[in-house]
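All remarks here apply to the structure that follows.
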Amino acid sequence: MKFEQLIGNINEGQIAKGVFANESWYLVRDSDAICYCNEDGSELYGVVPLTFSNMNASYVIAGYFEG
């Protein structure tokens, strides 16, 4: 799914994996924000900006943060 679909489908604590070109990253829904995180969601790295790669990546829900 694309980022705009992800926003409507990801729940609090859910982790999504994004893939664009040869890069991949993880995102988590934290309160009212979507943040970069590590693979298990235990570390947040900042709010996701609306860049070309973030908007055009393909996302899948990868799990839940169990913290």
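Annotations for the structure displayed:
- For Y26, residues with placed amide H under 5 Å, excluding near neighbours: G18, C37
- Annotation: amide H of I10 has no partner in the under-5 Å range at sequence separation 5 or more or interchain, hydrogens built in the peptide plane.
- Taking amide H positions as modeled 1.01 Å from N, with prolines and chain starts lacking one, the residues under 5 Å from G63 and 5 or more places away or on another chain are I15.
- Evaluating 6.51 cos²θ - 1.76 cosθ + 1.60 at θ = phi - 60° for every residue in segment 27-33, the Karplus couplings come out as 10, 9, 7, 10, 6, 9, 10 Hz, glycine and proline recorded as x.
- For segment 53-63, Karplus couplings with θ = phi - 60° (6.51, -1.76, 1.60), whole Hz, Gly/Pro x: 5, 5, 6, 9, 6, 9, 10, 9, 6, 10, x
- Among (i) 4.2; (ii) 5.1; (iii) 4.0, the entry derived from the coordinates for mean projected area of the Cα convex hull in nm²: (iii)
- Adding -39500 (n - 2.57) for every DSSP H run of four residues or longer, then dividing by how many residues the chain holds, sets the calculated 222 nm ellipticity at -4000 deg cm²/dmol.
- For segment 3-64, size of Cβ-based charge dipole, Lys and Arg +1, Asp and Glu -1, in debye: 160
- Loop-located GluC sites (Glu not before Pro) in the chain (DSSP state other than H, G, I, E, B) with a sparse environment of at most 15 neighbouring Cβ atoms within 10 Å: E12, E39, E43, E66.
- Percent RCO, i.e. relative contact order, over segment 3-64, from Cα pairs under 8 Å lying at least 6 residues apart: 38
- Residue by residue, segment 17-25 carries 3J(HN,Hα) couplings of 9, x, 9, 8, 6, 9, 10, 9, 7 Hz when phi is fed to the Karplus relation 6.51 cos²θ - 1.76 cosθ + 1.60 (θ = phi - 60°); x denotes Gly or Pro.
Throughout, read-outs are computed from the coordinates displayed, never taken from laboratory work. On a predicted model such as this, the values are computed, not experimentally measured, just so you know. Every residue, glycine as well, gets a Cβ built from its backbone with ideal geometry; the counts of neighbours run over all protein chains shown.
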